[in-house]
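Reviewing the structure listed below.
The values are calculated or read from the model by the stated rules, or taken from the named source; none is laboratory data. All of these numbers come straight from a predicted model, not from anything done at the bench. Backbone-built Cβ (ideal geometry, glycine too); neighbour counts: all protein chains shown. Areas reflect the complete protein model, heavy atoms only, side chains present, ligands, DNA and RNA absent. Shrake-Rupley method; radii C 1.70, N 1.55, O 1.52, S 1.80 Å.
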Amino acid sequence: MEDTHILKFVPRISRDARNGRNRLARLGDWMARNRRTLLAIQWVIVIFYTLLVALPAFLPHPLPESRLFSGNFGAASFIDPSLCLASGEPILQERAPTLIPWHDKLVLFAQFAFWGVWWPFVILSMMLMGRVWCGVLCPEGALTEFVSRRGRGGAIPRWVRWSGWPVVAFALTTIYGQLISVYEYPKAVLVILGGSTVAAMAAGYLWGKGKRVWCRYLCPVSGVFALLARLAPFQFRVDRAAWERRPANSAAVDCAPLLDVKHLQGMSQCHACGRCSDHREAVALVPRSPNAEILNGPAPATNEVLLLIFGILGVAIGAFQWTVNPWFVRARQAAAEWLVNRDILWPLSDSPAWWLLTAYPEVNDIFTWLDGIAILAYIVTVTLVLGGTVLLAVCGAARLAGVDWRRLALGLVPLGGIGLFLGLSMMTVSQLRAEGIVLPWLGALRGALLALGLLWSAWLGLRLLRRAAPGKARLVAAFLIWLAALAAVGATWVLVFYVW
Ligand code: SF4
């Protein structure tokens, strides 16, 4: 007999009569048995990633007319200045098609690979597949673990275990990335992604033996991944009775992110590496509802919820918004005029270094101090206003309904995750547009995804609010407040995609 599953994209499960493990569980077992194959895949990605992070930073900027998906610049008409001087008339010349230099292609390819494909789809994969990216594909994870096997093996200091790192690291990395234009310039990519990789390897060298201390405690996106992976439609489930039946001296699981596998309760921290599959004949990869961990998993820590509300729904939205917000441009212009009228000119001076604030005079892209202050002020304002509004609404609704505000806040995960995907895919869209690829259905797709996020979070909120069985009036009032929080977030995306 076949089990069915709520999601169509999860393969239908058929029971294996011989050993009682279904196909999904056997996939987990395959991962446990084929570590070398997975390692080989990881090393291919490490090489590819290292080349794409490092090499473009030492190549010249691509010419403005260079394109990734076309072979040459194409024929073009241009005005020849020497002929103009001789004749006194503008004379049009034809230029024959010329090949786009390989280094321009490489820089554009790296840019498209990192920001057009990698980031948006890693975020999507967290919601659809849990942290398979972390456990199977991530080059930083592979490198930190590799170094850790050969490193000092020291104990993990208390400051490393501080639960606030995911919030602080995510906010600082996101803001710094905006200040140095990480989406546009390979040097900025080298500083942020390369710097993070070096830090991951240093953490691997210093702490743990063959473990991923960096990924567990310090990686700037680990907290975000942990929130989104709660929506994964499968998990490694532990049968405690089966676990106890096996001899206590069975070899321990080599769980790189340092989880207590026996007490594993969800996919939030699990990297889905598969190493524990079938351990003590008690661990199996099983399908589940994508809502299971939000509704019935362990309650989140306060810092996790703050990352969701002020990080994903605050800092990230502010970072996506400022480049498209015409009010930001006007406010910055007004501030510049105000400063000039008062003869305060230092904020209008250029950035002294590209690693501090964007500064690429060769392509005429230089931030002033005012630009940096304006970007910072914008992101902080959006974070405080939008995040503060959502936090107040969540706390108000939870109080009215008599439920834990932190668990209720988890209902925002689908909207937050879909928002992150939409925001990151803005880069994909603008890169495709620069290549001449127009997506006529884009507005409809964005609207559908946004509606999905809003409806999903609304439904989860209702389920969570009904937990404490409040009276009907309280439930309605709490749900309306919850909807107001969702509307505030939804409105920011409507502004970005349909108004500005
Ligand atoms: S619990 Fe640990 S060993 Fe098991 S799949 Fe998750 S990360 Fe891998």
task = Being more than 20 Å from Gly311 (Cβ to Cβ) and among the charged types (D, E, K, R) is the filter here, so list the residues in the range 150-202 that pass it.
result = Arg150, Arg152, Arg158, Glu184, Lys187
query = If we keep just the residues of the range 138-164 that are under 22 Å from Glu293 (Cβ atoms) and at pLDDT 95 or above, which is most open to solvent (accessible area, probe 1.4 Å)?
reply = Cys138
query = Just wondering, is there one or more residues in the range 222-242 that are away from the ligand (no atom under 11 Å from the Cβ) and of a type in the set (Ser, Thr, Tyr)?
reply = yes
key: Checking Val253 against (1) touching a strand residue (DSSP E or B) at 6+ places or on another chain (Cβ under 7 Å); (2) in a loop (DSSP other than H, G, I, E, B), the condition it does not meet   = (1)
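Rundown of residues vs (1) in a helix (DSSP H, G or I); (2) in contact (Cβ under 8 Å) with a residue 60 or more places away in the chain; (3) closer than 28 Å to Arg330 by Cα, yes/no style:
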position: Val390; (1), (2), (3): yes, yes, yes
position: Ala409; (1), (2), (3): yes, yes, no
position: Gly423; (1), (2), (3): yes, yes, yes
position: Pro470; (1), (2), (3): no, yes, no
position: Phe479; (1), (2), (3): yes, yes, no
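Inside the range 274-291, can you point out the residues that are among the charged types (D, E, K, R) and either touching a residue at least 60 places away in the same chain (Cβ under 8 Å) or near the ligand (Cβ under 6 Å from one of its atoms) (or both)? Spell out the reasoning first.
Quick first cut of the range 274-291, residues among the charged types (D, E, K, R) only: 275, 278, 280-281, 288.
Residues satisfying the conditions are Arg275, Asp278.
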ask   = From the list Ile366, Ile312, which one is in contact (Cβ under 8 Å) with a residue 60 or more places away in the chain and hydrophobic (A, V, I, L, M, F, W, C)?
value = Ile312
request  = Kindly check whether there is at least one residue in the range 293-305 that is without any contact (Cβ under 8 Å) to a residue 24 or more places away in the chain, out of contact with any helix residue (DSSP H, G or I) (no Cβ under 9 Å at 6 or more places or on another chain) and more than 13 Å from the ligand (Cβ to nearest atom).
outcome  = yes
key: Every residue from the range 159-186 that is free of Cβ contacts under 8 Å to residues at least 24 places away in the same chain and within 19 Å of Met201 (Cα to Cα)   = Trp159
ask   = If Lys209 passes every condition in (1) modelled with pLDDT under 95; (2) in a helix (DSSP H, G or I); (3) basic (Lys, Arg) but one, which one does it miss?
value = (2)
task = Six or more apart or on different chains, Cβ under 6 Å: which pairs go from a residue in the range 250-273 that's within 18 Å of Glu145 (Cα to Cα) and within 8 Å of the ligand (Cβ to nearest atom) to one that's of a type in the set (Asp, Glu) and assigned to a helix (DSSP H, G or I)? Could you list them?
result = Ala256/Glu145
ask   = Do we find that Ala335 is surrounded by 14 or more Cβ atoms within 10 Å (Cβ to Cβ), over 29 Å from the mean Cα position of the chain (by Cα), of a type in the set (A, V, I, L, M) and within 16 Å of the ligand (Cβ to nearest atom) in this structure?
value = no
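Looking at the range 344-384 only, could you name the residues that are among the charged types (D, E, K, R) and open to solvent by 70 Å² or more (accessible area, probe 1.4 Å)?
Start the filter on the range 344-384 by keeping residues that are among the charged types (D, E, K, R), which leaves 350, 362, 365, 371.
Within the range 344-384, Asp350, Glu362 qualify.
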